Every structure is written in C-alpha cells, then in structure tokens.
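Remarks on the structure that follows.
The values are calculated or read from the model by the stated rules, or taken from the named source; none is laboratory data. Computed from a prediction, not measured in an experiment: that's the story for all the values here. Here Cβ is always computed from backbone atoms with ideal geometry, including for glycine, and neighbour counts include all displayed protein chains. The protein model used for the area step is the full one, side chains on, heavy atoms only, and it has no ligands, DNA or RNA in it. Shrake-Rupley method; radii C 1.70, N 1.55, O 1.52, S 1.80 Å.
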Amino acid sequence: MNIILLGPPGAGKGTQANLLVEHHGMLQLSTGDMLRETRKADTELGRRVAAVMDAGELVSDEIVSAMIDAKLSDMGDEVGAIFDGYPRTEAQAHSLDDILAKHGRKLHHVIELAVDEDALVDRITGRFTCAKCGEGYHERHKQPAQQGVCDKCGSTEFKRRADDTEETVRTRMNEYRAKTAPILPIYDARGIVQRVDGMAAIDDVTTAIEKVLASA
Ligand code: AMP
C-alpha cells in the first residue's frame with residue numbers, strides 16, 4: 001500500500017508516519033528528513049539546501065523528486081510507502097505519478113491531516129526530539145517523565161530543528177497554502193482523499209488513519 005500524508009507543517013505527519021512504520025512495517029519517505037541529511041554535508045548542494053530550508057522556502061522540485069525516485073529504487077516492491085512532506089507542489093504531484101508508474105506502484109490513499117493553523121505555531125516552536133532515538137517531545141505539552149532524560153532510550157541529548165522558529169514557520173505555512181494545498185483537488189478528483197482531524201490526540205489520529213487503511 002502506498003499513501004500520502006498531507007497537511008501543513010506541524011500537523012503530525014512525521015509522528016503518524018513513525019507509528020505506521022512501527023505497526024505495518026511500511027517505509028517512511030520524508031523529503032524533509034532526506035534534505036536534513038543532505039544539508040549536513042559540507043558541499044555546494046548542502047549549503048544551498050540549508051539556506052532554502054532555513055528561509056522556510058521550498059527546495060526545487062527536481063531535487064526532491066529525484067530523491068524519492070532513488071528511495072523507491074532501493075526499496076523492496078512488497079514494502080508499502082508513506083510519503084511524508086512530498087509531494088508539495090503540483091509539479092511534484094505529477095512527478096510522483098510518473099515515478100510510481102515506473103516502479104509499478106499505485107497510490108491508495110491521500111490522508112489529509114486537518115489542523116487549526118493558530119495551534120501549529122505553538123506546536124512547532126515548542127517541539128524537540130531525542131538526538132539518539134528520535135522520540136518527539138514538547139516544551140509545554142510533552143516533557144520527558146524525568147527532566148532531560150529520554151523516556152524511550154534514556155539518552156540525555158535532545159535536538160531542535162533549525163527551521164522551527166516562529167518567523168520560518170509563518171513562511172512554511174504560506175508556502176503550504178500557496179503551493180501544497182492546491183494539489184488536493186488533483187487527488188480529490190480521483191476519489192482517494194480522506195480527511196482526518198489532526199487536532200485530536202495522537203492515538204485518536206492513529207485510529208482514524210488505521211480506519212482509512214482498512215477501508216477498500
Ligand atoms: P518538513 O520536514 O517536511 O517540514 O520539511 C522541512 C523543509 O524541507 C521544508 O520547509 C522545505 O524547505 C524542505 N522540503 C521538504 N520536503 C520538500 C518538498 N517535497 N519540496 C520542496 N521542499 C521540501
């Protein structure tokens with residue numbers, strides 16, 4: 001099964017993708033994660049990607065679509081794909097059609113995480129993760145049980161995303177509204193969009209997504 005998780009920054013796409021990976025053995029294809037790896041490299045491309053991400057703007061369609069194509073080539077055909085943060089433009093949506101066809105895959109569901117935008121700035125500017133295992137936390141809503149120690153793996157190292165500042169978040173939201181939201185009608189016309197309340201508790205969002213996956 002191949003699905004897209006769609007929603008503005010902070011909607012919970014990464015959190016839900018991680019849970020689907022755990023429950024169903026699917027693979028998360030997050031272009032944001034791939035680009036965060038790319039920017040670590042001390043190369044011309046790494047520096048260019050870092051500048052675009054820190055401004056909250058979108059990296060070029062060609063770069064991200066090539067990354068997705070390469071990942072699918074490395075994956076076994078039987079493993080389901082969760083597209084997280086891709087596609088983000090109409091051009092990417094069309095590229096994804098071509099890429100999926102090339103790999104003999106079909107798109108089963110587009111799950112839209114519907115959220116209240118005002119709450120997103122609060123969600124994003126307070127979030128941080130364990131540097132070792134990636135478990136997600138929040139300054140105001142989900143501190144580790146023991147201050148400074150990861151609940152899951154015991155690590156004492158945490159990290160924040162460089163682009164989770166209020167100013168960058170506003171630009172990322174504008175980019176979502178202007179360039180990403182307009183791809184929904186493409187998938188709506190195919191009858192494969194399901195809307196899930198992304199403001200609900202994490203477990204309830206997961207249950208709603210599981211229901212979609214269990215439907216035809
Ligand atoms: P994310 O982790 O999905 O929030 O992505 C973080 C940043 O990476 C975005 O603000 C963009 O700068 C860049 N990015 C991630 N995915 C894409 C994509 N599909 N197209 C263009 N830029 C992307």
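Values computed for the structure shown
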item	result
Neighbourhood net charge (14 Å Cβ-Cβ; Lys/Arg +1, Asp/Glu -1) for Ser65	-3
Neighbourhood net charge (15 Å Cβ-Cβ; Lys/Arg +1, Asp/Glu -1) for Pro9	-3
Filtered GluC sites (Glu not before Pro), the stretch 111-200: DSSP coil and at most 12 other beta carbons within 10 Å	Glu139, Glu157
Solvent-accessible area of Met26 with every protein chain in place, 1.4 Å probe, in Å² to the nearest 10	20 Å²
Residues of the stretch 1-52: accessible area per residue with a 1.4 Å probe, Å²	45 Å²
Dipole magnitude of the stretch 24-73 about its Cα centre (Cβ charges: Lys, Arg +1; Asp, Glu -1), debye to nearest 20	160 debye
For the chain: rounded, prolate or oblate by the Cα gyration tensor [a/c cutoff 1.5]	rounded
Trypsin sites (Lys or Arg not before Pro) lying in DSSP loop within the stretch 114-144, provided at most 16 other Cβ fall within 10 Å	Lys132, Arg140
Free-standing Cys, the chain [no other Cys Cβ under 4.7 Å]	none
5 angstrom amide H check on Arg195, placed H, neighbours 5+ away	Glu112
Val212 accessible area, assembled protein chains, probe 1.4 Å, Å²	10 Å²
Length-normalised contact order for the stretch 51-177 - Cα pairs under 8 Å, 6+ apart - percent	29 percent
Charge context of Tyr176, other residues only, Cβ under 10 angstrom, K/R +1, D/E -1	+2
Sum of -39500 (n - 2.57) over DSSP H runs of 4+, divided by residues of the chain (222 nm, nearest 500)	-13500 deg cm²/dmol
Size of electric dipole in the chain: Cβ of Lys, Arg +1 and of Asp, Glu -1, about Cα centre, debye, nearest 20	160 debye
